[in-house]
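Asker: After the C-alpha cells below, expect a handful of questions from me.
The values are calculated or read from the model by the stated rules, or taken from the named source; none is laboratory data. As the structure is a prediction and not an experimental result, all values here were calculated from the model. So basically every Cβ, Gly included, is an ideal-geometry build from the backbone, and we count neighbours across all protein chains shown.
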Amino acid sequence: MDGVLAVASSKGGVGKTTTIVMLAEYFRKRGSVALLDADPNQKLISWLGDEKGESRVEGIALVSLLGRNIVETITEAKAQHDVVIVDFAGALTQEMVFGFGYASAVVIPSGSSKGDIDEARKTFQVVEQTTALLSAGNPSFSLPAKVLLCKVRPNTDTYKAAKQQLAAWKVPVFGDDVHVPHRTSFEKAWWHKCSPQEVADKALKKQIDSVCTAIASLAGLAPPEAKPTKGRVPRAKKAASAATPA
Ligand SMILES: Nc1ncnc2c1ncn2[C@@H]1O[C@H](COP(=O)(O)OP(=O)(O)OP(=O)(O)O)[C@@H](O)[C@H]1O
Ligand SMILES: [Mg+2]
C-alpha cells in the first residue's frame, strides 16, 4: 500500500467527487485503487459503478461507507490496494476526523466564491485539529493538506482574491498552475459516466495530469509509470517483423 488520500470540504458541490474520479484514472495506471464513498448521496458509486454498485473500471474498486465503520474499512482497503481515496459528504463530520487520521494527505477542493473559501478554511482547521490531537501521542505525525481551486477561471479578479484571502488566513493552496479550470468536459464526463481525462482535449488532459501529479507529490506518492504510446510498434518488434518474409 502506498497511501490514503482524503478529498474533503464542508461545502457541497465544490468538485470533490470530480477530483476523485480524475485521481482514480491517474493512479490506476500504477496499481489498484480503492474509492471509499462516505457521501450519503453515493455519487461516486453511481458515477463509476454498475447497477449493483460494482466498479465498471479495471483497476478501481468501489466501497460504500454507508453503515460501515470508516476505520475498519480504510484498514481493509489499505491491505488490499495500492492507493485508497475517500470521498466525504459536503459537511463537517466525525467520520472526516477519523478518515484524516489515516490519510497521507488531505485535498480540499474549493470554488473561488467567498462562501466556498470560508468552508475550505473550516475544513483546513479540522486538519489542524486532527494533527494537534494525533501528534500529542505521536510527535512525528504529520498531515499535509492543501486547497485545490476547482471550477475556476484563473486570471480573474475573483480567482486572485480567493488566493489572497487563503494566503492571509495561512491556509495552504496549490500553486497557480495547479487548479481545475471551469470546463463543460467535467459535466460531460459525469453524463457519460467516464473519467474527465476521456473527454478532455489535449490541453485539459495536460492540466488534469499536472493537478494529479501535484496531489501525488503532496501525499508522497510517486507518479504513475508512463505507459508506451498506443499504436506504436516497439523498435525491436519492428525490426523482427521487417525481417520476416511475407
Ligand atoms: N471544473 C469543473 N468545471 C465545470 N463543472 C464542474 C467542474 N468540476 C465539477 N463540476 C460540476 O459541478 C458539480 C459538482 O461537482 P462534484 O459532484 O464533483 O462536487 P462535490 O463537491 O463532490 O459535490 P457534493 O458535495 O454534492 O458531493 C457537478 O455537476 C460537476 O459536473
Ligand atoms: Mg461529491
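Asker: Might you let me know whether the range 192-203 holds any residue that is among the hydroxyl-bearing types (Ser, Thr, Tyr) and buried (at least 22 other Cβ atoms within 10 Å of the Cβ)?
Answerer: Yes, there is a match, as at least one residue in the range 192-203 is among the hydroxyl-bearing types (Ser, Thr, Tyr) and buried (at least 22 other Cβ atoms within 10 Å of the Cβ).
Asker: Hey, among 107, 171, which residue is within 19 Å of residue 214 (Cα to Cα) and either within 16 Å of ligand 2 (Cβ to nearest atom) or assigned to a strand (DSSP E or B) (or both)?
Answerer: Just one listed residue meets the conditions, 107.
Asker: As an exercise: evaluate residue 227 against (1) at pLDDT 95 or above; (2) in a loop (DSSP other than H, G, I, E, B) and give the number of the one condition it does not meet.
Answerer: The number of the failed condition is (1).
Asker: Go through the residues of the range 18-37 one by one and say whether even a single one is within 12 Å of ligand 1 (Cβ to nearest atom) and of a type in the set (D, E, K, R).
Answerer: Yes, there is a match, as at least one residue in the range 18-37 is within 12 Å of ligand 1 (Cβ to nearest atom) and of a type in the set (D, E, K, R).
Asker: Taking the range 6-53, which residues are within 11 Å of ligand 2 (Cβ to nearest atom), closer than 27 Å to residue 117 by Cβ, not charged (D, E, K, R) and not in a loop (DSSP other than H, G, I, E, B)?
Answerer: 7, 17, 18, 19, 20, 21, 44, 47
Asker: Quick test for you: out of 131, 93, 123, pick the one residue that is crowded, with 22+ Cβ neighbours inside 10 Å, β-branched (Val, Ile, Thr) and out of contact with any Asp or Glu (no Cβ under 8 Å at 6 or more places or on another chain).
Answerer: The conditions single out 123.
Asker: Give me a count of the residues in the range 144-162 that are assigned to a helix (DSSP H, G or I) and surrounded by fewer than 20 Cβ atoms within 10 Å (Cβ to Cβ).
Answerer: So the answer is 5.
Asker: I'd like the residue in the range 72-95 that is among the hydrophobic types (A, V, I, L, M, F, W, C) and in a strand (DSSP E or B) and, out of all such residues, is nearest to the chain's Cα centre (by Cα).
Answerer: That would be 85.
Asker: Next question. Which of the residues spanning the range 29-39 are surrounded by fewer than 23 Cβ atoms within 10 Å (Cβ to Cβ), at pLDDT 95 or above and not acidic (Asp, Glu)?
Answerer: Result: 32, single match.
Asker: So, in the range 19-46, exactly how many residues are closer than 19 Å to residue 103 by Cα, out of contact with any His (no Cβ under 7 Å at 6 or more places or on another chain) and hydroxyl-bearing (Ser, Thr, Tyr)?
Answerer: Of the residues in the range 19-46, 2 are closer than 19 Å to residue 103 by Cα, out of contact with any His (no Cβ under 7 Å at 6 or more places or on another chain) and hydroxyl-bearing (Ser, Thr, Tyr).
Asker: So, in the range 163-179, exactly how many residues are surrounded by 15 or more Cβ atoms within 10 Å (Cβ to Cβ), within 16 Å of ligand 1 (Cβ to nearest atom) and of a type outside the set (Val, Ile, Thr)?
Answerer: Residues in the range 163-179 being surrounded by 15 or more Cβ atoms within 10 Å (Cβ to Cβ), within 16 Å of ligand 1 (Cβ to nearest atom) and of a type outside the set (Val, Ile, Thr): 2 in total.
Asker: Still on this structure, I have one more. Against the conditions (1) more than 16 Å from ligand 2 (Cβ to nearest atom); (2) without any contact (Cβ under 8 Å) to a residue 60 or more places away in the chain, where does residue 66 fall short? Just the number, please.
Answerer: (1)
Asker: For the range 199-229, give me each residue that is without any contact (Cβ under 8 Å) to a residue 24 or more places away in the chain and either hydrophobic (A, V, I, L, M, F, W, C) or touching an Asp or Glu at 6+ places or on another chain (Cβ under 8 Å) (or both).
Answerer: 199, 200, 203, 204, 226
Asker: If the Cβ limit is 9 Å and pairs must be 6+ apart or interchain, which residue in the range 13-38 that is under 12 Å from residue 211 (Cα atoms) and in contact (Cβ under 8 Å) with a residue 12 or more places away in the chain pairs with which residue that is more than 10 Å from ligand 2 (Cβ to nearest atom) and part of a loop (DSSP other than H, G, I, E, B)?
Answerer: 22/195; 26/195; 26/223; 26/224
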